[in-house]
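We did not get these values from a lab; they are worked out from the coordinates using the rules stated. Model, not experiment: these values are computed from the prediction. Cβ placement follows ideal geometry from the backbone for every residue including glycine, while neighbour counts extend to all protein chains displayed.
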Amino acid sequence: MSWVAKLAAVVGLVALGFALGFQSARSPDSDAPRGQLSGLGQAITLAQPAFAQEVEKSFLEEEAGISLYVNAGEEIDLSQAKALYKVLEDETDSYLIGTVELSGYDEYWWPHVWIHKDGWIVVYYLKEEPTSILMDWFYYERASGGEISTTTLREVLFGVASELKLDLTKIQRDMRYYHWQYPEAKKLLVVLDTTDAGSDAFTYTIPGSLKLYEVSGSHFGNVGCCGRWSQTAIDGEVFKKGGDGKYVTVGDLAPKWTSQGVTHEVILRHYGGWTGIALFFLYG
Amino acid sequence: MRLEHLLILAAGLLLLLLLWPRGEGGAPVGPILPPLAEIEIEGESLTKWSTGLSLAPALLGLAREVRPRIVLAYAALTTAAYPAGSPELVATAQKTRPRILVAWAALSTAILPQASSEFASETSKARPRILVQGAALTVSLYPQGPPDHAANPAPRIEVQGAARSTLIQDIEPSTELPEETGGVAPRIVLEAAPLGETEELGPPPELPEGG
C-alpha cells in the first residue's frame, strides 16, 4: 500500500476515533435542566431517595436564616476566639457557638457566630429575622452613602477575623452568603433609595417567571427632633414609619407587595433629616 | 493519488463530519430554559447591589456534627446589658419575645423592684415554659403575695405548682413556734401543698431462684 493510502487510512481512523470520543465524553446533562435525561425526548424527574429524606437536619438548617460563611484556610485557636463572644451558648473541643456584638447596634442586631477549629466561621441571624437585617445603615451613613460596601454580617465576620489575625484578603475573596431556609435561592438583590428632599419614589416589577423566595425591607430614618418623622409606603400603604430620632426598622413585605408581573411603587417621605429604604429580594 | 486512496480519505472525512458535535446543541437535550429573569427597577439615584447565594457541601456535613443546645435569643442579652431596675430594661422586657423562660424570669427578677405593682401586671401576662422559673420568680418577689396568684397558677408540673402556691399565700406564724422563728422568710414547704394522691408501694418482687 502506498504512503498516500496509508495516510488516508490513518486520517480516516483518527477522525473516527475523535468523533467517537467526543460523543462519549459529552455529558448528556450538561445543557439539560437538572433532573432530566437527554436524548430520549422524555423528562424523568429524580426523586429524593427515602433514606436521604430521613437525614437529620443540622443546627443551621433548624435555626439559621441568612448567613455569611467562610473557611479561613487555617486552624482557629478556640481559646482565643472564646473571648470574642458576648453570650456563649455552647463550647466543645471543636467549636464555639454564641452571640457576637455588632458595634454600634443594640442586642437585637447581634448575630450568632459558629467558629470551628478547622477554620470555618459562620455568622448568621436566626430564621425568624428578615434578610433585610443585613442592611448596615449606620455604616452606610458614616460612609456618606454611595455604594453598599458592607453588611451587618460582614462587619461581624471581619471583626472576628481581624481579632483572630486571619487572612482578611482570603476572607473577602472566599466568603459566601447563604440562606438556610431557602436552599434553592441563588441570588440576592438589594435596591436602596434615600432622600433628604422630602420625598422620593421608585418602582419594581417582579417577572412572573421568577422564583421568588422572600422580599424584605429595611427602613431608616435620621430625622432629628421634634415632631419629625419618616415613612416608606408601597402601593399607597405604609410599610414602615418612625418618628423623631435615628432608627432602623425591618420586616417582610406583605404578599400584596410581592405579586409578580405587576409594577409596585415605593414612596419615601420624611420631615427633617433624611430617610432611606433598602429592599432585599431573594430569588433563584 | 489513486482513486481508492481518495475514496478512503473522503470516507474518513465524511465520517468525521457526520459525527462531529454541532455547536453547543448537538442532540436534543430537553426543553431550552429562558435565561434567569431579572427584577425590573426604575427610579432615579438608586443604589443596587447583588450577590450569589451558595453553600459549601463540606460546611453542611460539619454542621450536622453540632450537638443540640439551648439557643439564646436577645432576651438573655438584655439581662446582661441593662442594670437591674432601670427603666430601659423594663421597656425592653415588655417588647422581648423570649425563647427560653429562664431569660424572662431572670430578666424580670432583676429589673423590677420586689412586690411592685408593675411586676404584678407583668407576671400575670407571663406564660412560663418552665414552671420552675415561674416559681423562683414568684418567690423572690413576693414575701407574701396576693391571693390572686394562688388562684390562677397554670402549672405544667404539679410539684412546682404546689411550691408556687405554697409560697405566695400569706403565712401566719404559728403560736406554737419558738419566738425566734417569727421572722423567718417563707420557703418551700412541700408538706403544706396538695401533691395529689399517694400510692402505697408494695413489697419488692421476689428474685428468681438461681438468678
Quickly work out the B:E40-to-A:K246 label distance, labels modelled 7 Å from Cα along the C-beta direction, and quote it in nm with one decimal. 3.9 nm
Summed residue charge, Cβ within 12 Å of B:E44's Cβ, Lys/Arg positive, Asp/Glu negative: -3
What's the local net charge at A:E147, with K and R +1, D and E -1, over the other residues with C-beta under 13 Å away? 0
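Provide the FRET efficiency to the nearest 0.05 for the A:D93-A:E163 pair, computing r from the beta carbons and using R0 = 22 Å.
After rounding, the FRET efficiency stands at 0.60.
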Size of the dipole of segment A:63-117 about the Cα centre, Lys and Arg at +1 and Asp and Glu at -1 on the beta carbon, nothing else charged, in debye to 20? 100 debye
Label-point separation, A:A83 to B:L15 (7 Å along Cα→Cβ), nm: 7.4 nm
